[in-house]
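Below is one structure, written out as C-alpha cells, with a few remarks after it.
No value in this document is a laboratory result; all are computed from the given coordinates. For clarity, every value in this text was computed on a predicted model and none was experimentally measured. FYI the Cβ positions are ideal-geometry reconstructions off the backbone, even for glycines, and counts take in every protein chain you see.
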Amino acid sequence: MPKSVLGEARLQQKRKEILAHISLIEEMRRGSVTRQFLKIKLKGQKEPARVGPYALFTCKKNGRTVGRRLHDGEEIRRLEQQVQNFHTFQNLCRQLVEISEKICEERERKEKG
C-alpha cells in the first residue's frame, strides 16, 4: 500500500478511537469545584481565625458567575468527576479537530498526486 494510504488509515483509526472515547463520557458539566476558607473575627482574639475548607461549585450562567456550596462528600466527588469529564471532552474535541485537519491534508496531497 502507498505511504499516504497507510497514513490516512492510521489517522482514520485514531479518529475512531477518539470518537469512541467521547461516547464513553456520560456526565459532564462546565465549572470548577474549589475549596474556600473564610476569616472570622472571634471575640477576644485580635487576629481573625481561618475556618474551612468549604467546597464550592462555580460556573458561568448567562454571563455571570454563580456558585453554590457543597455539603455532601459524595456530591463533591460527583461534581469533581463531572468537571474533569468536561475537561477530558474538551481535550478530545481538540484532538479530533487536529486529526480531521490532517485527514483533509492527506486527501488533498493524494488528489494532487
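Among Lys43, Lys61, Lys16, which one shows the biggest mean-square fluctuation in a GNM of the chain, springs joining Cα atoms closer than 10 Å?
Looking only at Lys43, Lys61, Lys16, the biggest GNM fluctuation is shown by Lys43.
For Cα Rg over 2.2 N^0.38 Å, the listed values are (i) 1.00; (ii) 1.77; (iii) 1.07; which was obtained by calculation from the structure presented?
Label (ii) holds the value from this structure.
Using Cβ counts within 10 Å as a stand-in for footprinting exposure, how do Leu56, Leu79 rank, fewest first? Don't jump to the answer; show the numbers that get you there.
Numbers: Leu56 16, Leu79 21.
Fewest-to-most ranking of Leu56, Leu79: Leu56, Leu79.
Any idea what the relative contact order of the chain is, in percent, if you count C-alpha pairs under 8 Å spaced at least 6 apart?
32 percent
With charges set only on the Cβ (+1 for Lys and Arg, -1 for Asp and Glu), what does the dipole of segment 3-112 come to about its Cα centre, in debye to the nearest 20? The partial results should precede the final answer.
On the way: 26 positive and 15 negative charges, 136 e Å.
Its charge dipole is roughly 660 debye.
Can you flag which of Lys14/Lys60; Lys16/Lys61; Lys14/Lys110 are past 25 Å Cα-Cα?
Distance filter (> 25 Å) returns Lys14/Lys60; Lys16/Lys61.
Place +1 on the Cβ of every Lys and Arg and -1 on the Cβ of every Asp and Glu in the chain, take the dipole about the Cα centre, and give the residue among Ile18, Leu92, Phe37 whose Cα lies farthest towards its positive end.
Phe37
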